[in-house]
1. Considering only residues that are closer than 15 Å to residue 352 by Cα and in the same structural domain as residue 227 (by TED's automatic domain parsing), which ones fall in the range 269-293?
2. Can you spot a residue in the range 500-512 that is in a helix (DSSP H, G or I), free of Cβ contacts under 8 Å to residues at least 24 places away in the same chain and over 20 Å from residue 481 (Cα atoms)?
3. Filter the range 273-305 for residues that are free of Cβ contacts under 8 Å to residues at least 40 places away in the same chain, assigned to a helix (DSSP H, G or I) and crowded, with 18+ Cβ neighbours inside 10 Å and give the result.
4. Run down 236, 252, 266 and say which single residue is touching a residue at least 24 places away in the same chain (Cβ under 8 Å), assigned by TED's automatic domain parsing to the domain that holds residue 161 and at positive phi.
5. Residues that are under 24 Å from residue 4 (Cα atoms), free of Cβ contacts under 8 Å to residues at least 12 places away in the same chain and surrounded by 11 or more Cβ atoms within 10 Å (Cβ to Cβ): does the range 102-123 have at least one?
6. So residue 10 clears everything in (1) in a helix (DSSP H, G or I); (2) at pLDDT 90 or above except one condition, right? Which one?
7. Looking only at residues in the range 89-101 that are touching a residue at least 40 places away in the same chain (Cβ under 8 Å) and in a helix (DSSP H, G or I), which one is surrounded by the most Cβ atoms within 10 Å (Cβ to Cβ)?
8. Determine whether the range 502-509 contains at least one residue that is exposed (fewer than 15 other Cβ atoms within 10 Å of the Cβ), at pLDDT below 95 and assigned by TED's automatic domain parsing to the domain that holds residue 448.
């Protein structure tokens with residue numbers, strides 16, 4: 001019990017047990033003199049002039065306050081006030097009931113800490129510590145809601161590592177995790193307090209920029225992220241260098257929607273990666289229209305793949321030594337809604353459309369074998385069949401078995417199948433370079449041709465390691481051969497090199513008799529192109545096979 005000036009007049013034993021002070025030690029003193037922790041202590045003058053304000057301290061008033069026991073330990077004190085009014089203000093007494101609620105308070109604090117921790121875990125990526133997709137979505141919606149009715153803008157930076165799979169394959173997933181944490185650190189440092197960085201899956205990150213000043217600031221942020229990644233990341237004893245592509249979006253918050261912003265950012269990123277990677281690309285309406293058109297085309301292609309809507313064309317291959325057609329290249333074709341018959345693989349991305357590409361290549365293999373068998377049956381000539389394959393097929397562990405099965409069903413020896421591999425997909429210094437696939441094809445008896453040789457993607461050094469049978473000159477190298485002395489010299493050098501290594505030479509894109517004659521003189525044994533025939537249906541190929549006569553060039 002205290003008087004109106006806060007002086008203690010009486011305490012019970014329970015108060016002494018809670019505070020550690022005996023009744024005799026504190027009688028006549030104010031609690032503020034001995035029970036407040038150092039951080040909450042008030043001046044001697046404030047203590048001396050203290051008086052209960054009865055407009056505040058009425059019966060039933062409660063207060064939770066941190067106090068200190070006599071031994072220096074802190075405890076949470078829940079105070080309940082009761083006012084016993086006297087005849088005069090001086091006679092008024094204040095009765096305080098004190099409860100030590102430290103355990104309850106600490107429990108509540110633990111629960112709150114747990115709630116905060118769980119909320120953080122639910123909203124952040126475990127590996128990198130930045131926000132996750134769920135937090136990104138809620139943050140984006142909050143920024144849009146804040147911008148309604150105002151002039152605020154929202155910027156999106158969509159970032160994706162280039163060739164991240166190569167890092168995991170070459171250095172292990174631990175190295176990949178280190179790189180992802182590095183990206184998160186760089187993006188967080190660049191963005192600062194301008195917005196939120198989130199990892200939305202794999203090696204994809206998104207930064208939301210709150211009310212950027214304009215395109216210049218967005219491009220500056222994008223460039224600083226790319227530049228920040230130029231410093232190599234140390235993984236064990238290796239220095240790993242990484243690059244990335246960036247898609248940018250800037251929109252008015254008042255008219256934006258979260259799904260639309262993310263879709264636009266995704267389109268911009270895809271365009272950046274298609275333009276050569278390590279690039280920054282802005283979303284535009286034209287880019288969006290092109291993307292929608294592409295989706296429509298791919299949807300039609302998927303439907304035709306499902307419903308056997310592809311067709312097959314055969315390209316005759318003419319042997320200049322025996323002076324006859326000895327084989328056919330099988331090429332899948334698709335009736336494009338607006339462009340007519342096209343090579344469907346040319347519409348696809350080697351990185352993003354591997355499933356579609358593998359379906360198309362398997363169609364070309366199986367249907368090609370069936371169609372060339374028909375020509376064999378009609379002509380009684382054992383034509384070979386060649387087909388272009390890529391990593392989309394060759395990386396499939398079951399593909400070699402499918403190839404052998406298709407050959408058996410069509411009555412072909414595997415030695416009568418020539419697999420053509422684009423020179424740019426063969427890499428002997430990369431784990432995914434497909435050099436091992438060549439050995440597997442050779443093991444089952446197939447012949448292998450290095451296609452489009454001389455196109456500038458590969459090099460002569462490949463020939464040391466490649467267990468191939470044939471080089472096929474790139475059409476770009478053949479085009480204009482008659483007038484270009486340098487091309488003639490280069491082709492002669494390639495043919496000499498190939499001959500020294502036991503490889504035969506064929507050429508694609510041979511359109512004139514002069515080109516064919518020059519190639520024959522240089523040592524090229526097989527040609528295909530307009531001089532022999534345009535791509536043919538199997539019916540056209542039957543007619544062509546009977547009627548074709550090669551017109552040699554006459555000087």
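1. Residues satisfying the conditions are 269, 270, 271, 272, 273, 274, 275, 276, 277.
2. yes
3. Correct list: 291 only.
4. Of the residues listed, the single one that is touching a residue at least 24 places away in the same chain (Cβ under 8 Å), assigned by TED's automatic domain parsing to the domain that holds residue 161 and at positive phi is 236.
5. no
6. With (1) in a helix (DSSP H, G or I); (2) at pLDDT 90 or above applied to residue 10, the lone miss is (1).
7. The residue in question is 89.
8. Step one: filter the range 502-509 for residues exposed (fewer than 15 other Cβ atoms within 10 Å of the Cβ), giving 502.
If we keep only those that are at pLDDT below 95 too, we end up with 502.
Now restrict to residues that are assigned by TED's automatic domain parsing to the domain that holds residue 448: 502.
Checked the range 502-509: at least one residue is exposed (fewer than 15 other Cβ atoms within 10 Å of the Cβ), at pLDDT below 95 and assigned by TED's automatic domain parsing to the domain that holds residue 448.
The values are calculated or read from the model by the stated rules, or taken from the named source; none is laboratory data. The structure presented is a predicted model; accordingly, all values stated were derived computationally and were not measured. Because the Cβ atoms are built from the backbone with ideal geometry, glycine has one as well, and the counts that use them run over all protein chains shown.
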